[in-house]
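Here, each number is a calculation from the coordinates, and none is a lab measurement. Source: prediction; values computed, not measured. Here the Cβ is made from the backbone with ideal geometry for all residues, glycine too, and neighbour counts use every protein chain on show.
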Amino acid sequence: MLLRVLGTAAGGGLPQWNCACPGCAGARRHPSRRRLHDGLAVHAADPGAWFLANATPDVAEQLEGHPSLRPGAGQERTPVIRVVLTDAELDHTLGLLRLREAARIDVWCTEPVHKALTARLPLTDILSPYTTLTWHELPLTGVGEPAEIAGLRVSALPLSDKRPRYAADEPAHPAWSTALNVHDPETGRSALYAPALAAWSDALGDEIAGTDCVLLDGTFLDEDEPRRLGISRRTASGMGHLPIEGPEGTAGRLSRVGARVYYTHLNNTNPLVDPGDPAHERLAGLGLRVAEDRMVVSL
């Protein structure tokens with residue numbers, strides 16, 4: 001199984017178009033620091049069998065940036081594209097509109113996400129003149145059999161009832177935000193992808209303990225980062241993202257697991273967007289790393 005990292009930035013990307021914070025200014029001065037919206041392409045053993053984990057506003061550039069994801073020799077078009085969603089956030093779903101040239105888009109998601117994307121954002125109606133959008137239920141981890149997608153077994157581990165703003169008045173549901181569990185039946189290897197993590201749970205800890213590779217929410221480095229930098233009156237966890245460092249941070253928990261761990265979904269305010277920031281060394285000392293755009297993880 002291959003995990004192709006298509007992007008590693010939180011909402012707005014890096015640099016964010018309307019921001020001149022140190023992270024965005026640094027990315028403008030040093031183009032190598034630029035990051036596209038967080039997303040993955042996941043491969044099975046067959047190079048032609050893959051799916052997207054989330055569809056970001058940058059999806060066309062992301063696919064073009066990986067030659068193996070382009071149409072192959074003798075293939076004029078990519079006829080069918082598969083997308084598995086972790087949630088209904090705009091940064092993870094607007095790319096579906098940019099995929100409209102496909103003959104068919106197959107989407108797997110949980111029940112509340114499907115409702116949001118068909119009732120609040122009527123994507124089926126919007127895309128119907130262009131392509132066929134087919135919805136599939138994404139089973140919850142431990143409840144029924146995982147979905148078989150591109151030769152891999154995929155399920156959703158519920159993380160929180162954090163809804164997107166456009167659906168804030170929808171009923172609570174534990175699977176509004178999920179982590180994707182991906183298992184390769186050929187090799188026995190597994191990966192867990194959780195770009196948004198509002199709270200740690202025993203279930204999440206148990207899943208991570210049995211996983212070979214984890215790509216986890218690294219939106220904010222510390223709890224007070226959003227308030228200190230003036231982007232919100234709330235803390236990191238108050239915005240639905242556990243910080244990396246600090247008493248409630250994820251780094252201390254993850255340093256004790258045997259899996260390869262990469263932080264992704266970095267906000268433009270996160271000091272880790274600067275490759276020279278000392279926080280990189282602190283994480284390396286714990287055996288933790290920051291994912292980079294276009295990196296490939298082989299399992």
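Wrap a convex hull around the Cα atoms of the stretch 32-181, take a quarter of its surface area, and give that in square nanometres.
If you wrap the Cα atoms of the stretch 32-181 in a convex hull and average its projections, you get 9.7 nm².
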Which of rounded, prolate or oblate describes the chain when judged by the alpha-carbon gyration tensor and an a/c cut-off of 1.5? rounded
From the phi angles alone, apply the Karplus equation (6.51, -1.76, 1.60; θ = phi - 60°) to the stretch 103-113 and give each ³J(HN,Hα) in whole Hz, x where the residue is Gly or Pro. 5, 8, 10, 9, 10, 10, 7, 7, 4, x, 5
Under a Gaussian network model of the chain whose springs join Cα atoms within less than 10 Å, the largest fluctuation of Pro57, Pro247, Pro271 belongs to Pro247
Cβ-Cβ FRET estimate between Trp200 and Met295, R0 fixed at 35 Å, reported to 0.05: 0.85
For the chain, what's the relative contact order in percent, using C-alpha pairs closer than 8 Å and at least 6 residues apart? 19
Over the alpha-carbon set of the stretch 201-261, work out the extent along each principal axis and list the three values in angstrom, largest first. 38, 18, 18
Taking only the Cα positions of the stretch 95-139, the convex hull volume per residue in Å³ is 59
Answer rounded, prolate or oblate for the stretch 166-299, using the Cα gyration tensor with square roots of eigenvalues a ≥ b ≥ c: rounded when a/c is under 1.5, else prolate when a/b is larger than b/c, else oblate. oblate
Percent of Cα-Cα pairs per 5 Å bin, from 0 to the last occupied bin, for the stretch 67-111, please list those. 5, 19, 26, 23, 15, 8, 4, 1
At q = 0.15, 0.16, 0.18 Å⁻¹, base-10 log of I(q)/I(0) for the stretch 107-243 (Debye sum, equal scatterers on each alpha carbon): -0.85, -0.94, -1.10
Pick from Pro122, Pro243, Pro67: which residue has the top mean-square fluctuation in a GNM of the chain where Cα pairs under 10 Å get a spring? Pro67
